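The numbers here are math on the coordinates, done by the rules we state, and not lab data. Small disclaimer: the values here were computed from a predicted structure and weren't measured. When we count neighbours, we look across all protein chains shown, and the Cβ atoms used for this are built from the backbone with ideal geometry, even at glycine.
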Amino acid sequence: MKIIDSHQHFWKYEPVKHGWIDDQMKVIRRDFYPSDLLEVYHDNHVAGCIAVQADQTEEETLFLLEIAKQNEFVKGVVGWVDLRSAQIEERLAYFAQFSEIKGFRHVLQGEDPDFILQNDFLNGIAKLKDLDFTYDVLIFPQHLPNSIKLAKLFPDQKFVVDHIAKPFIKIGEIADWQKGMEELGRLENVFCKISGMITEADYHNWSYEQLVPYLDVVVGAFGVEKLMFGSDWPVCLVAGKYEQVIGIVNNYFDTFTSAEKNAFFAENAIAFYNL
């Protein structure tokens, strides 16, 4: 079975730039390059990946594009561009020359929920479809209501929710998040990555059984045809090994059909990101 990891990161660690990596996450306070990931992918039979931005600069986007050019297993890049810029059309046209770039992301989880519906941000989102760029939605549960409004405003724009919208797994909250995810899942243009779960649980005491109710919700809300596998490597390393992350979904989807597993582990990502 072919596996595409739809969500991972590379970076040259800088303490100020990567200030979000706090003391509890110090295991990832170092550089992460393709050479670090190749062996992991070989051991876990992963054919390729999408490299996703972690720093909100065009410089990092170019850094990821250079990595993708030099490493065949990096199948695409989700970069960053200032969607609020008055020059957004010019910047998108510039990035459109790179076949490796598939879409963009802003760290919405760090913004007030109202940021999502600001006119300048909406103007940027409106420009993506013409160049066939996707948009990764990185949010917390409190951003779900406005994310639903965003997706409804642009029914022809392809959106994918990162990390199942980061529910509060550690404290077992599920009801409000479930309601929002079910509404998002009903929208044909919205997909979801099953990724980043163990880092929303207790880093040292999470269990598979604790994750199953959240997996049940997203499978019920989106259907296997709109879900994709993502590891969130190397961020996942603060709570577990790559083998554990992929083991969660291997276990959960074990009784699904071969066609369903192929869709989840590769085909949906290939189609969504036009790999």
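In Å, the Kirkwood hydrodynamic radius of segment 33-83 over pairs of distinct alpha carbons?
On the way: mean 1/r = 0.0873 Å⁻¹.
Its Kirkwood hydrodynamic radius stands at 11.5 Å.
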Could you sort 229-236, 213-220, 264-271 so that the peptide with the highest average Cβ count within 10 Å comes first and the rest follow in order?
229-236, 264-271, 213-220
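If packing is taken as the average number of other Cβ atoms within 10 Å across a peptide's residues, how do 188-195, 246-253 rank, most packed first?
Details: 188-195: 22.9, 246-253: 17.6.
Order by mean packing, descending: 188-195, 246-253.
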So which residue, out of Ile171, Ile28, Ile116, gets the largest mean-square fluctuation from a GNM of the chain using Cα contacts under 10 Å as springs?
Ile171
Along the Cα-to-C-beta direction of Val27, a point sits 7 Å from the Cα; which residues of segment 192-220 have their amide N less than 11 Å from that point?
199, 203-205
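Defining a contact as two alpha carbons under 8 Å apart and six or more residues distant in sequence, what relative contact order in percent does segment 4-272 show? Mind showing how you got there, number by number?
Numbers: 454 pairs, mean separation 48.6, N = 269.
This gives 18 percent for segment 4-272.
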If r is the Cβ-Cβ distance from Tyr13 to Lys179 and R0 is 41 Å, what FRET efficiency results, to the nearest 0.05?
0.60
Sorted from largest down, what three extents in whole angstroms do the Cα atoms of segment 4-272 have along their principal axes?
48, 40, 39
Hits among lysines - C-alpha to C-alpha of Lys127 under 24 Å, sequence gap 8 or more where chains match
Lys75, Lys102, Lys149, Lys152, Lys158, Lys193, Lys226
Residue separation between Leu187 and Gln142 times 0.36 nm, minus their alpha-carbon distance, gives in nm 14.3 nm
Estimated inter-spin distance, Gln56 and Tyr203, nm [label 7 Å along Cα→Cβ]:
2.4 nm
In sequence order, calculated HN-Hα J values of segment 259-266 (Karplus, 6.51, -1.76, 1.60; Hz; x Gly/Pro):
5, 5, 5, 4, 5, 5, 7, 8
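For segment 169-240, go through all pairs of different Cα atoms, get the mean of 1/r, take its inverse, and jot down that Kirkwood value in Å. List each step's numbers first, then the result.
Numbers: mean 1/r = 0.0781 Å⁻¹.
After inverting the pairwise mean of 1/r, the radius is 12.8 Å.
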Here, Asp156 and Ala259, labelled 7 Å along Cα→Cβ, have an inter-label distance in nm of 3.0 nm
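Using mean Cβ contacts within 10 Å as the protection proxy, how do 16-22, 151-157 order, highest first? Before the final figure, lay out each step's value.
Details: 16-22: 11.9, 151-157: 14.1.
Listed from highest to lowest mean packing, they are 151-157, 16-22.
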